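Structure, as structure tokens:
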Amino acid sequence: MAGYFEATGGPEGGAAVALDEVEISILRSLAVQLLELIGPGQNGDGGAPADPLDALFAEGPSEPPRDPALARLFPDAYGEPGAPQDEETRRLSAEFRRYTEGELRARKREDLLFVVRSLDELGAGRGAGAAVLTLKPDESRRWLTVLNDLRLAIATRLGVRDEADTERLLRLPEGDPVKPMVMAYFWLGGLQESLVETLMPD
């Protein structure tokens, strides 16, 4: 179980992974950085608005985020990614974004906060050696969302667009300054893939 998720078995399913102190710290740091990138919630503290109706009728941005990583996490709903858009496609994308991005950002913040809190609990109860993180199926899906978002954000920073870019990263020398980020990218990929397998029916 060291390093990757395994199914816990039982009628309800679930997943577990052994994480040492360094792995817990890395995952927590990445999640916190992504939280900061996404930004605070509408009430300023990363939580939901005091009045749920405010969230229901609140309008969000109509333009894509300027940060490339955020643009990848919150892509336009219409048109091909990276391709020129005509006026009608831009209008539809702006309208869709205006009424959906706020809720999507809030959901991503909630999942990230859940991961941070579960890592904090794991770290607080950790004795000598690795600690075992155990997730129920619904918790696994929240973790899966976060792992995917982290990989997308890192992939954007590394300039990963296709398989050729992935091969380029694999050939980087050990002394390359982005090597730690590359290692985190592939490690997150392994975690993500192993967690997906635990959610698949036998």
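Being of a type in the set (A, V, I, L, M), open to solvent by 70 Å² or more (accessible area, probe 1.4 Å) and either modelled with pLDDT under 90 or in contact with a His (Cβ under 6 Å, 6 or more places away or on another chain) (or both): is that true of Leu92 here? In short, no.
Within the range 108-163, the residues that satisfy the criterion of being over 20 Å from Trp187 (Cα atoms), open to solvent by 40 Å² or more (accessible area, probe 1.4 Å) and of a type in the set (Lys, Arg) are Arg117, Arg126, Lys136. Being at pLDDT 95 or above, under 30 Å from Tyr78 (Cα atoms) and among the aliphatic types (A, V, I, L, M) is a property that Val146 has. Which residues, taken from the range 42-75, are open to solvent by less than 90 Å² (accessible area, probe 1.4 Å), at pLDDT 85 or above and either assigned to a loop (DSSP other than H, G, I, E, B) or on the phi > 0 side of the Ramachandran plot (or both)? Once the filter is applied, which keeps residues that are open to solvent by less than 90 Å² (accessible area, probe 1.4 Å), at pLDDT 85 or above and either assigned to a loop (DSSP other than H, G, I, E, B) or on the phi > 0 side of the Ramachandran plot (or both), the range 42-75 yields Pro65, Asp67, Phe74, Pro75. A Cβ distance below 9 Å, combined with a sequence gap of six or more or placement on separate chains, defines the contacts here; from the range 87-102, residues that are in contact (Cβ under 8 Å) with a residue 12 or more places away in the chain reach residues that are surrounded by 14 or more Cβ atoms within 10 Å (Cβ to Cβ) and in a helix (DSSP H, G or I) in the pairs Gly102/Ala55. Remark: pairs (first residue in the range 175-202, among the small types (Gly, Ala, Ser); second residue open to solvent by 40 Å² or more (accessible area, probe 1.4 Å) and in a helix (DSSP H, G or I); Cβ separation under 9 Å; 6+ apart in sequence or on different chains) = Ala184/Ile26; Gly189/Arg151. With respect to Thr100, determine if the residue is among the hydroxyl-bearing types (Ser, Thr, Tyr) and not in a helix (DSSP H, G or I). No: the conditions fail for Thr100.
The values are calculated or read from the model by the stated rules, or taken from the named source; none is laboratory data. Worth saying up front: this structure is predicted, and the values here are computed from it rather than measured. Note: ideal-geometry Cβ built from the backbone for every residue, glycine included; neighbour counts use all protein chains shown. Each accessible area value is taken on the protein alone, full model and side chains, heavy atoms only, with ligands, DNA and RNA left out. Shrake-Rupley method; radii C 1.70, N 1.55, O 1.52, S 1.80 Å.
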